[in-house]
Amino acid sequence: MKNLYGCLSAAVLFCILIAACQLSCTKAYAKIAADPVTEKTNTSMEKLTPEFSRKISSTTPAEPASGDLTLVRGATRLSTRRIPQGYTFDGTFYYYLSNLSSSGKHSADLRLTRVRYLADGGYEEDYMTLRGFGHGTNIDCAIAGNKTWLWTGSDAYKGTGAARSISCFTYRKGAVMRNHAKIRYRIPFAGKKGFATNCYPAVSPDGRCLAVRYTRGKYQGFQLYRLKNGTFIDVKHPVKSFRLAKTKGDFQGFDICGTCLYTIEGTACRAERKELHKAWYPIKIKTYDYKSGRKKTVKIRGAAGLTHREPEGIQVTGDGTVYIGLASHYKDKYTCMNIYKYK
């Protein structure tokens, strides 16, 4: 009987210790979500233990076979605690672009995380920093000369997210770029004076065309250029210019394939927007064929169980397959990206 009481006491003590540990972890996770983001916390995150990794992965539910999305890459935890803005991939690596801060002196600073996915389902990642580049709305790449050339907006206006140029560069682990890369372009308005603001690039799957999107007044403008060697465009001579109405929901990225332009828009999930007292807009993919003038809009219904569920980037392959990025979070401030294929 004495041994039985001893066993029961040990069991009770063990349960108390487990509960205390869980409470401590809960407080730690809550602290991560509540604390403001600083440069230091962007480089020293909580260690990604196997248990923590499983908890993060569980925030990406499986998709039904009858749905409109297929999960490709689930719950990739990026090396920043800010919301991702866009992504691209070159066949070996995925490149994810995130803001270091939503306001203040780091609002135009970006973290570019490079991820290699492993055969066992895990992944390896490293990063570089782009200071003063802007909001990071779109990122794309061109492969030329056995190199991956990354393209994104740069030279943010007075510390805001409004990019005033586009930059082209190769990835360098741990490097820091300031304001722009060595290869950069300001985009003049076709047939008009002045330069585009809030401009971002996208590259066609064959690497022969670079599209630039900018905003002006009540519309969004697009200019298409011939891309040579992954790095060169003649900014004074676009091969095509057109404009579209602004999106009703937040603009979340674009891509180009053939004669079709693809855009993605929408906000975070309805419940979250309601809590923030902000308008909610569904996720929509819009296609515009600039040769025929045909337009098409589809509403994304999949990933309904994903936390946060904000669209962040779109990529289209040469056969017209559409992939989108959806941001999610565990309790560490929206650090996860999930890649889905649209059926």
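The values are calculated or read from the model by the stated rules, or taken from the named source; none is laboratory data. Nothing here was measured: the structure is a model prediction, and the numbers come from that model. All Cβ positions, glycine included, derive from the backbone under ideal geometry; neighbour counts span all protein chains shown.
Just a few scattered comments:
- Looking only at residues of segment 156-188 that are touching a residue at least 40 places away in the same chain (Cβ under 8 Å) and of a type in the set (S, T, N, Q), we find that the one that is surrounded by the fewest Cβ atoms within 10 Å (Cβ to Cβ) is Thr160.
- The sole residue among Ala268, Ala245 that is among the hydrophobic types (A, V, I, L, M, F, W, C) and out of contact with any Asp or Glu (no Cβ under 7 Å at 6 or more places or on another chain) is Ala245.
- Members of segment 138-163 that are modelled with pLDDT of 95 or more and either basic (Lys, Arg) or in a loop (DSSP other than H, G, I, E, B) (or both): Asn138, Lys147
- Strands (runs of 3 or more DSSP E) fully within segment 232-343 counting 2 or more residues that are in contact with a strand residue (DSSP E or B) (Cβ under 9 Å, 6 or more places away or on another chain) and farther than 30 Å from Tyr117 by Cβ: 240-245, 284-289, 295-299
- Residues that are surrounded by fewer than 17 Cβ atoms within 10 Å (Cβ to Cβ) and not acidic (Asp, Glu), drawn from segment 123-153: Tyr123, Arg131, Ile143, Ala144, Gly145, Asn146, Lys147
- All conditions but one from (1) in contact with a Lys or Arg (Cβ under 8 Å, 6 or more places away or on another chain); (2) modelled with pLDDT under 95 apply to Leu69; the one that does not is (2).
- Among residues of segment 224-245 that are free of Cβ contacts under 8 Å to residues at least 60 places away in the same chain and exposed (fewer than 14 other Cβ atoms within 10 Å of the Cβ), those with a Cβ under 9 angstrom from a residue that is of a type in the set (Lys, Arg) and part of a loop (DSSP other than H, G, I, E, B), sequence gap 6+ or separate chain, pair up as Arg226/Arg208; Ala245/Lys218.
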